[in-house]
Amino acid sequence: MSKKVYITDCEGPLTLNDNAFEMCSYFIEDGAKLYKILSSYDDYLVEVEKKEGYHVGGTLTFITPFFKSKGITNQDLIDYSKNNINYVPGIDTLFKVANNQIDSFIVSTSYGQYIKALCEDKDFKYENTYHTDVDLDKVQISDNEKSKIEEFRKDILKCDLIPDYRDNAGSEDLKAQADILDNIFFNELPKMDVYEIMGSMNPVGGIGKENAVKDIISKNNIDLDKVVYVGDSITDLEPLQYVKSNGGIAISFNGNKYAVEAADIAIITDDAVAFTILLDLFSRIGGYYTLNFIDSYMFKPDGLYEGFRISHVFLDYYKEHYDGREYPIIAKITDENREELVKKSEAMRNKLRGDDIGSIM
């Protein structure tokens, strides 16, 4: 019998951070705006330009020259990550299940420095993670390159239309500003020493995450109907679709529209307890039983214990935590409820993670 496996994104389902965005904001002048523009450009390359060979997640590559020009080192990334992890409330109980009851893996676009800090803090196996490797110490750059990168930064900050590309697709202004970014990242930077850092990176997002899921399945002899995958953003689109289409359970956890539309289950909640209950049932009993529980829960969330083998630990916490409060949403996604679930999920996403992070696709 094939064993069951839990595979999860990190930022969103486990933590409230967008580590790269936060570091960009902290280390670089106007870093928040810079990151948002580059994140939208990343999406633009996938959705509008459909650049051959390009996959979502490139934002983490795009920001590295600006880190390097400011003298940021690998150790700076490590120190910042260790000191600034912001977990989803109730995550300790989830990690107890993940670490002790089921083979668990993290598949994240985040930098390895951040993932390693989380693993050390929560006693999670670092070797069971897939992430984006970056080595800022790989090469030294000249003062001339630093000056050029600073000019690039100023030019990028003028590209205000990029964040609105979905509303302006096809406009001449949008194309002109996209051309500026194309020239910077695919013409000018490849001629510079700093590109050695960028060229060696392989961001784990979108197709990269799907490939990670396939690698986990292959190496561990897993049947896809024994897999649960949890994600929350556009970088989880492909793995969610892959797991869903092959009989696994694909879950959007406070996801944006991309995650909700790709998944078959939506969880909308302000802490980790709802998913912990599902993971406990999945790990102890199985997927079919877990889906039956979700069917029952959708009609009577306050009676989740009736007829189901919920651990008393989670049940007691659930009753106490949600006494007098709105219950979490755990729902199978259908054509009829998808639009409503997207609205509620994105609202919770913004509430928990803030509008800046929540708005990043």
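Data table
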{"quantity": "Residues within the range 26-48 that are within 22 Å of Ile78 (Cα to Cα) and aliphatic (A, V, I, L, M), tallied", "calculated": "3"}
{"quantity": "Members of the range 109-158 found to be within 17 Å of Glu29 (Cα to Cα) and of a type in the set (A, V, I, L, M), listed by number", "calculated": "Ile149, Ile156, Leu157"}
{"quantity": "Conditions (1) part of a helix (DSSP H, G or I); (2) in the same structural domain as Asn74 (by TED's automatic domain parsing); (3) modelled with pLDDT of 95 or more; (4) surrounded by fewer than 18 Cβ atoms within 10 Å (Cβ to Cβ): number failed by Glu145", "calculated": "(4)"}
{"quantity": "Given (1) over 28 Å from Asp43 (Cβ atoms); (2) touching a Lys or Arg at 6+ places or on another chain (Cβ under 8 Å); (3) surrounded by fewer than 16 Cβ atoms within 10 Å (Cβ to Cβ), index of the condition Phe95 fails", "calculated": "(3)"}
{"quantity": "Helices (runs of 4 or more DSSP H) wholly inside the range 241-355 that include at least 3 residues being touching a residue at least 24 places away in the same chain (Cβ under 8 Å) and surrounded by fewer than 20 Cβ atoms within 10 Å (Cβ to Cβ)", "calculated": "287-299, 312-321"}
{"quantity": "Residue, farthest from the chain's Cα centre (by Cα), within the range 122-142, restricted to residues that are outside any helix (DSSP H, G or I) and of a type in the set (Asp, Glu)", "calculated": "Asp137"}
{"quantity": "Residues of the range 97-108 classified as in a strand (DSSP E or B) and over 16 Å from Lys214 (Cα atoms), total", "calculated": "0"}
{"quantity": "Criterion: touching a Pro at 6+ places or on another chain (Cβ under 8 Å) and among the small types (Gly, Ala, Ser) - qualifying residue of Ser40, Ser25", "calculated": "Ser40"}
{"quantity": "Residues of the range 174-210 classified as among the hydrophobic types (A, V, I, L, M, F, W, C), at pLDDT below 95 and assigned to a loop (DSSP other than H, G, I, E, B), total", "calculated": "2"}
{"quantity": "Hits in the range 106-134 - residues which are under 23 Å from Ala274 (Cβ atoms) and crowded, with 23+ Cβ neighbours inside 10 Å", "calculated": "Ile106, Val107, Ser108, Leu118"}
{"quantity": "Only listed residue being out of contact with any Asp or Glu (no Cβ under 8 Å at 6 or more places or on another chain), assigned by TED's automatic domain parsing to the domain that holds Lys332 and closer than 23 Å to Gln113 by Cβ, chosen from Asp232, Asp236, Asp215", "calculated": "Asp215"}
{"quantity": "Condition check for Tyr35: in a helix (DSSP H, G or I) and either within 14 Å of the chain's Cα centre (by Cα) or of a type in the set (Ser, Thr, Tyr) (or both)", "calculated": "yes"}
{"quantity": "The one condition in (1) of a type in the set (D, E, K, R); (2) buried (at least 16 other Cβ atoms within 10 Å of the Cβ); (3) touching a residue at least 40 places away in the same chain (Cβ under 8 Å) that Asp137 fails to fulfil", "calculated": "(2)"}
{"quantity": "Among residues of the range 38-71, those that are within 21 Å of Ser142 (Cα to Cα) and in a helix (DSSP H, G or I), counted", "calculated": "8"}
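The values are calculated or read from the model by the stated rules, or taken from the named source; none is laboratory data. Predicted model only: the values in this text are computed from it and were never measured. Note that each Cβ is placed from the backbone with ideal geometry, even for glycine, and that neighbours are counted across all protein chains shown.
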